[in-house]
1. What's the local net charge at residue B:118, with K and R +1, D and E -1, over the other residues with C-beta under 14 Å away?
2. Hey, what do the phi angles of region B:63-79 turn into as Karplus ³J(HN,Hα) couplings, whole Hz, using 6.51/-1.76/1.60 and θ = phi - 60°, x for Gly and Pro?
3. So for the pair residue A:12, residue B:120, with labels modelled 7 Å out along Cα→Cβ, what separation do we get in nm?
4. Provide a whole-number value for the mean count of partner chain Cβ atoms within 10 Å of the Cβ atoms in peptide B:213-225.
5. Please turn the phi angles of region B:131-137 into ³J(HN,Hα) values with the Karplus equation 6.51 cos²θ - 1.76 cosθ + 1.60 (θ = phi - 60°), one per residue in order, whole Hz, x for glycine and proline.
6. Measure up A:49/B:57; A:49/B:173; A:41/B:195 against 29 Å on the Cα-Cα distance and list the ones that go over.
7. Can you work out the Karplus-derived ³J(HN,Hα) for every residue in region B:213-218? Use 6.51 cos²θ - 1.76 cosθ + 1.60 with θ = phi - 60°, whole Hz, and x for glycine or proline.
8. What residues have an amide H closer than 5 Å to that of residue B:55, excluding those fewer than 5 places away on the same chain, when H is modeled at 1.01 Å from N in the peptide plane?
Amino acid sequence: MNIDPFSFEVWSIVKWFFVFAFFLYIIFSLVVIRQVSLMNKTLDVHFEKPVTLFAYLHFFFAVGVFIFAFLVL
Amino acid sequence: MADIYVSKPFVRKEEKQEENVSLDEKEDLTKKKGPIPFRERKSLDFNPIASFAFLPKEVDFETKNRDEKIVLLLRRHPITNLRWIFLAILMSLAPLLLAKFPIIDFLPSNFRFVAILGWYMITLAFVFENFLSWFFNVNIVTDERIVDIDFVNLIYKEISDADIDKIQDVTVKVGGVAQTMFNYGDIYIQTASEKPRFEFLSIPKPEDVAKILQELRNEEKQEELEGRVN
């Protein structure tokens, strides 16, 4: 089996690029959670549960994709 | 002793009929006789994602005083969300186009799959941010003041308010096919407060909002006059 070492190196770099991008996205999703919390404090219309739940789902999705990318790539 | 005949008080036919009419019929009468003062109207069942809420009971905001009563909670008309909803649909369908336009085929299959997952994550963030922007950027009218809550981006918010008696001029603008069809428009409020101009953009029923603001201003003037007399 003939593996091109240069090709292997490139995809390894691309993998870390992906993983870093997803890590940044996790930080973004944390900011969104904080933002939703501040928004709910500013305006209370008894709809904070669905909005907060969605923000947390978004965060967990981001964490899931990060782990998936880390393991699969 | 002679009986004294006491006649029934004279009541006009129109007035007598009006006593018996229901609230719905009374709404119809307003078309002929002008609007019912907002204090006589009943609050509707509160829907947290409504763009026009009249006398909402379950609403609170950061700078609200204890004895302050919210008269109106306004958001942009839902129809204004169509643009980003349409864009979000296009974004979620975009990966299907990759079958016809193989622009990421140079990537190994596992990288392709993760790239598509990342794309859907960005789409999700786009939808959520647009919804939050619509949901939390509100205009509030209370019996004391008008409040404009703006979340410009993730980390910046602006809350401005002006007392009702500082309102100098209210301008209603409704123009274009969509605004005329769906009855929404812009209200520009000139005030004598620190922020000279308030903009309630793309809100539903702008004429009703202007009428309510007028009633509140009249009430404030009345209170001011009574205060001076006493």
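1. In short, +2.
2. Those phi angles translate into 9, 6, 7, 4, 9, 7, 10, 7, 9, 9, 10, 10, 10, 4, 4, x, 4 Hz.
3. Here the modelled spin labels are 3.1 nm apart.
4. The mean count of partner-chain Cβ atoms within 10 Å per residue comes to 0.
5. Residue by residue, region B:131-137 yields 5, 4, 4, 5, 6, 9, 7 Hz.
6. A:49/B:173
7. Result, rounded to whole Hz: 4, 4, 4, 5, 5, 4.
8. Those lying under 5 Å, H to H, from residue B:55 are B:72, B:73.
Every number in this text was worked out from the coordinates using simple rules, so none of it is lab data. What you see is a predicted model, and the numbers here were worked out from it, not measured in a lab. All Cβ positions, glycine included, derive from the backbone under ideal geometry; neighbour counts span all protein chains shown.
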